[in-house]
Amino acid sequence: MPRPTVRYARDVAVVAFAQSDHLRRTDELSEVEMVMPVLHQVLAQTGLKAGEIGFTCSGSSDYLAGRAFSFTMTLDGVGAWPPISESHVEMDGAWALYEAWVKIQTGEADTALVYSYGKSSPGSVRDVLTRQLDPYYLAPLWPDSVALAALQAQALIDAGETDEPALAAIGARSRAAAEANPHAQLSGSVPQGDYQVRPLRTGDCPPIGDGAAAVILAAGDTARRLCARPAWITGIDHRIEAHALGLRDLTDSPSTRIAAERAGVFEAPLDTAELHAPFSSQEVVLRKVLGLGDGVAVNPSGGALAANPVMAAGLIRIGEAAARIHRGESDRAVAHATSGPCLQQNLVAVLEGDPA
Amino acid sequence: MTAPASPPEVLRAPLVVEFPFTRSLGPVQSAFLTGLREGVVLGVKTSDGTVMVPPVEYDPRTAEEIRELVEVAATGTVTTWAWNGRPRPNQPLDTPFAWVLVKLDGADTALLHALDAPGPESVRTGMRVRVRWAAERTGAITDIACFEPHDGPAAGQAAPHDGNFAEPVTGIVAEARLDYSYSPGRAQTAYISGLSEQKTIGERCPSCHKVYVPPRGACPTCGVATTDQVEVGPAGTVTTYCIVNIKARNLDIEVPYVYAHIALDGAGLALHGRIGGIPYDEVRMGLRVEPVWTEGGRYPDHYRPTGEPDADYDAYKELI
Ligand SMILES: [Zn+2]
């Protein structure tokens, strides 16, 4: 296998990944108490001290915590004094990783710590997520996240692209795969259950839970020094489409397709795909636009149907894909993260290992 | 006093976040929402002739400004749906209903709303529906109470509309309330539990040995968990202060009063509190103070002088 084609100013790789056990509730832990062990684990993998990190970027949401500037509380866990170079996105940590990757590309940092977390348990996440919708036409109706995904699922069924048994099989496959993932919240045989919002049943929907994840990025020789087999980010891109659901073809995801093209997904075969598809129906859309064939292992970690800590689940996809490269189980993987209703925003990264 | 951190007895309390989300409307949204109040559904027409309902002000494909208003019918066709067997609070209907995207007759895009139907068997993509208007309308998306099944053919084309109405709606208030059950975590639970016994409990960093009050469970310098609980105070030293001359609403304290940073004995950083029991212009750095608890108070009401000699500057300069 030839050396991966790197199209950017600097070679940047994921060199370490850690995540918490994802649990339905973590009442005994504040956000920083939940995040800190994960930070320590990811630093320990590289031997770096907190003060040696060039840039730190996190992702989280105040609406989950129910208070403003909630991310400042977890900053204590990274050793933010004396002052560090730090930033935050009110998004899934995959977008924090993108910001950190840009920072390294500019040459202003050689290493970056990226982390994200979400505690969904204090509130009702289905209702909380309605507050991210258009405030004029949608938010006053309180359409919850499951309802919006169900509209997309029905559109796919009407288009003949899936049916309820096929959706159930996606959930079953994901939770079976999660048996090999000690961090997963749901694994093994899980009943498909009743309709939540028809046509989606409980088994088509993600578990609600709390969790955190962290990765370390490094450039060039630093990456080689910190990791035996770095997961090089040979392509990364993110795209957004129109806010209004009624303007979009819900059976398609042009933003994912464009991001994948720009990231170079289609330039060589893949062996692994970690897709952020919180609903089984969304995996149908993503497989189609990414052109994933049977030879690709899709969500060997179990994916978001096995653990979906809001704001961390997308970063975990990048981390899981990278970890497979670190372990030599993958040579070329695609990682995908989403945000917003019905795959509104999508980030796609290609990760490659050096040839053995 | 030093004790190992005890297993948490988790505190939990309801936390309600309420906000009136106040938004002004541009010309297009104003016309649309005012139209709903008047029982008229408006859309916008893009330069390629696409009619968007609900309307947007900029073409999502070209970013071109769109201002050409048109009127569409109050009847339409379901483009996709989802049966909601268990309506959640605040949703348009409190009986089971279908969420629907509806392409109104004359429109090329779909509007999200609720469909009142007897059951999922009676709903399908392609079915014909019409608007059921709310009895009282204010200029909001909820002026459409919901959709209802409708037997009838598609009703014609979009017609030009000037968008002019008497007393147009220029803003909306989207009321929101989210209910949480807040748990402060291990370290803050210990702090709050200590206060209930009129004790101030900090936590010591195992690495730099600084004692944090109130503790948040982590040392921000070392990035490690603070583990050992330490009772600090009750007395402390004023490290800096300010004189407040503005009366806060709902606060029953005469101005001027003094607000100070107070380093409790044994603490590695200062917390803040009000100083009482001394004229405001006699408060000074180094003043020794102690907490004053009111009957049933859950934290010190204020701090008052202990009568001890002032602390030496060198004793607290690191904590300013
Ligand atoms: Zn420390």
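The lone criterion from (1) in contact with a strand residue (DSSP E or B) (Cβ under 9 Å, 6 or more places away or on another chain); (2) closer than 24 Å to A:Thr222 by Cβ left unmet by A:Pro82 is number (1). Can you report the number of residues in segment B:198-213 which are more than 16 Å from the ligand (Cβ to nearest atom) and farther than 12 Å from B:Gln229 by Cβ? Residues that pass the stated criteria total 1. Please specify each residue of segment A:191-247 satisfying the condition of being in a helix (DSSP H, G or I) and within 14 Å of chain B (Cβ to nearest Cβ). A:Thr202, A:Asp204, A:Leu245, A:Gly246, A:Leu247 - these are the residues of segment A:191-247 that are in a helix (DSSP H, G or I) and within 14 Å of chain B (Cβ to nearest Cβ). Picking from residues in segment B:97-120 that are of a type outside the set (A, V, I, L, M, F, W, C) and assigned to a strand (DSSP E or B), the one that is most open to solvent (accessible area, probe 1.4 Å) is B:Lys103.
Residues being touching a Ser or Thr at 6+ places or on another chain (Cβ under 8 Å), within 16 Å of the ligand (Cβ to nearest atom) and in a helix (DSSP H, G or I) are represented in segment B:309-319 by at least one member. Checked against (1) open to solvent by less than 60 Å² (accessible area, probe 1.4 Å); (2) touching a Phe, Trp or Tyr at 6+ places or on another chain (Cβ under 6 Å); (3) modelled with pLDDT of 90 or more, B:Cys242 meets all criteria but (1). Considering segment B:287-300, and only residues there that are over 17 Å from B:Ile201 (Cα atoms) and not in a strand (DSSP E or B), the residue that is nearest to the chain's Cα centre (by Cα) turns out to be B:Gly296. Selection over segment A:136-152 of residues that are open to solvent by 10 Å² or more (accessible area, probe 1.4 Å) and at the interface with chain B (Cβ under 7 Å from one of its Cβ atoms) gives a count of 5. Kindly indicate whether any position in segment A:163-176 is within 14 Å of chain B (Cβ to nearest Cβ), in a helix (DSSP H, G or I) and open to solvent by less than 50 Å² (accessible area, probe 1.4 Å). Within segment A:163-176, one or more residues are within 14 Å of chain B (Cβ to nearest Cβ), in a helix (DSSP H, G or I) and open to solvent by less than 50 Å² (accessible area, probe 1.4 Å).
Listed by position, the helices (runs of 4 or more DSSP H) enclosed by segment A:16-83 that each have at least 2 residues that are within 12 Å of chain B (Cβ to nearest Cβ) and touching a residue at least 60 places away in the same chain (Cβ under 8 Å) are A:31-46, A:62-65.
Of A:Pro199, A:Pro269, all but one fail to be over 25 Å from A:Thr106 (Cα atoms) and surrounded by fewer than 22 Cβ atoms within 10 Å (Cβ to Cβ); the exception is A:Pro269. Annotation: of all residues in segment A:110-135 being away from chain B (no Cβ under 14 Å) and buried (at least 22 other Cβ atoms within 10 Å of the Cβ), the one that is farthest from A:Arg317 (Cα to Cα) is A:Thr111.
The values are calculated or read from the model by the stated rules, or taken from the named source; none is laboratory data. Values in this document were obtained by computation on a predicted structure and should not be read as measured data. Counting neighbours? That spans all protein chains shown, and the Cβs are built from the backbone with ideal geometry, glycine included. Surface areas here come from the heavy atoms of the whole protein model, side chains and all, with no ligands, DNA or RNA. Shrake-Rupley method; radii C 1.70, N 1.55, O 1.52, S 1.80 Å.
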